[in-house]
């Protein structure tokens, strides 16, 4: 039952952040894609992906889905290497934003948006830079929120087990 409650919570948090009006690329996707498997375990990664897929069904499919969904999967799989401290978790979340930027925009280039040249690839990444700023800012904001709740949770556990 605990697994189900957390899974539904993750699903609702990510889904809500994609449907509430927001600047482009300003969602909890990267932070949740990183923190959920990092703090709760890889068994929760499918719920992050399912909520991403569900919202894409409603928002509309695009020709780079395999790149965006794949990058979120990769972010979740890499998260276990950034667990030791709050600093490494923040760095890991930033790496997640970078992974998403590189892979998703490579997908834009591969699907023919900018021409199949090195200059087209460079232009693709340059044109995506404003979106990357929003991704970084939202990842930091949502990471701070998650870290706050994680801190409160850890303190409550210590308080319950103290003599």
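Right, residue 66: under 19 Å from residue 108 (Cβ atoms) and more than 13 Å from the chain's Cα centre (by Cα) or not? Quick ask: steps written out before the conclusion?
Details: under 19 Å from residue 108 (Cβ atoms): yes; more than 13 Å from the chain's Cα centre (by Cα): yes.
Criteria met by residue 66.
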Sole exception among (1) over 15 Å from residue 35 (Cβ atoms); (2) touching a helix residue (DSSP H, G or I) at 6+ places or on another chain (Cβ under 9 Å); (3) at pLDDT 95 or above for residue 99, by number: (1)
Considering only residues of segment 102-125 that are touching a helix residue (DSSP H, G or I) at 6+ places or on another chain (Cβ under 8 Å) and touching a residue at least 40 places away in the same chain (Cβ under 8 Å), which is farthest from residue 38 (Cα to Cα)? 110
All positions within segment 1-38 that are touching a residue at least 60 places away in the same chain (Cβ under 8 Å) and touching a helix residue (DSSP H, G or I) at 6+ places or on another chain (Cβ under 6 Å): 23, 24, 25, 26, 27, 28, 30, 31, 32, 33, 34, 35
Note: among 112, 96, just one is part of a helix (DSSP H, G or I) and either more than 19 Å from the chain's Cα centre (by Cα) or at negative phi (or both), namely 96
If you check 142, 132, which single one turns out to be crowded, with 20+ Cβ neighbours inside 10 Å, within 15 Å of the chain's Cα centre (by Cα), assigned to a helix (DSSP H, G or I) and touching a residue at least 60 places away in the same chain (Cβ under 8 Å)? 142
Filtering helices (runs of 4 or more DSSP H) wholly in segment 19-92 for at least 2 residues that are over 16 Å from residue 140 (Cβ atoms) gives 45-59, 65-78
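The values are calculated or read from the model by the stated rules, or taken from the named source; none is laboratory data. Keep in mind that this is a model prediction, so the values were computed, not measured. All Cβ positions, even for glycine, are placed from backbone atoms using ideal geometry, and neighbour counts span all protein chains on display.
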